[in-house]
Amino acid sequence: MAAPHFNSAERADVYRSMFLLNRGFHRIITRLNGVQHLLTAQDLKDIRGITQEIQLEINTAVLNSLDTIEHKDWVQFGKVRIALEKRLKSRLPEPRRKK
C-alpha cells in the first residue's frame with residue numbers, strides 16, 4: 001500500500017490526535033494515584049506498566065507510519081525546492097569576466 005501524502009491541515013490533525021492520545025494516557029496514569037489506596041502496590045505497578053506499554057505500542061505504530069509519510073513528502077517537496085532553485089539560477093545574469 002502506497003503511503004498517503006498529507007496536506008498541512010491533515011498533518012496538523014494527525015499530530016494533534018497524537019498529542020491528545022498521549023495526554024489521555026498521562027491522565028490515566030495520574031488518575032491511578034487517586035485510587036491507589038484501593039489497589040495493591042503490585043497491581044498499581046502492573047496497571048501502570050500495561051497502560052504505558054499500550055501507549056508506546058500506539059506511538060510506535062503511528063510514528064513508524066508517519067516517518068514513512070513525512071520522509072516521502074520531504075523528498076517530494078525537496079524536488080520542488082530544487083526545481084525552484086534551478087529556475088532562479090537560470091535567471092541570474094552571467095558573471096562578468098575580468099579582461
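Just one of the numbered conditions (1) open to solvent by 80 Å² or more (accessible area, probe 1.4 Å); (2) at pLDDT below 95; (3) of a type in the set (F, W, Y) is not true of F19; which one?
(2)
Yes/no matrix, rows are residues, columns are (1) free of Cβ contacts under 8 Å to residues at least 40 places away in the same chain; (2) among the aliphatic types (A, V, I, L, M):
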| site | (1), (2) |
| --- | --- |
| S17 | yes, no |
| L32 | yes, yes |
| I69 | no, yes |
| D73 | no, no |
| I82 | yes, yes |
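For N64, work out the one condition from (1) open to solvent by 70 Å² or more (accessible area, probe 1.4 Å); (2) in contact (Cβ under 8 Å) with a residue 60 or more places away in the chain it doesn't fulfil.
Failing condition for N64: (2).
Being surrounded by 10 or more Cβ atoms within 10 Å (Cβ to Cβ) and within 27 Å of E70 (Cβ to Cβ) narrows it down to one residue among V35, V14; which is it?
Residue meeting the stated conditions: V14.
Looking at the stretch 19-51, which of its residues are of a type in the set (K, R), more than 19 Å from A61 (Cβ to Cβ) and within 28 Å of the chain's Cα centre (by Cα)?
Across the stretch 19-51, the qualifying residues are R27, R31, R48.
Could you identify the single residue in D73, D67 that is under 23 Å from N7 (Cβ atoms), touching a His at 6+ places or on another chain (Cβ under 7 Å) and assigned to a helix (DSSP H, G or I)?
D73
The values are calculated or read from the model by the stated rules, or taken from the named source; none is laboratory data. Every value quoted in this text rests on a predicted model; they were computed, and no experiment measured them. All Cβ positions, glycine included, derive from the backbone under ideal geometry; neighbour counts span all protein chains shown. Just the protein is used for accessible areas: all its heavy atoms, side chains included, with ligands, DNA and RNA removed. Shrake-Rupley method; radii C 1.70, N 1.55, O 1.52, S 1.80 Å.
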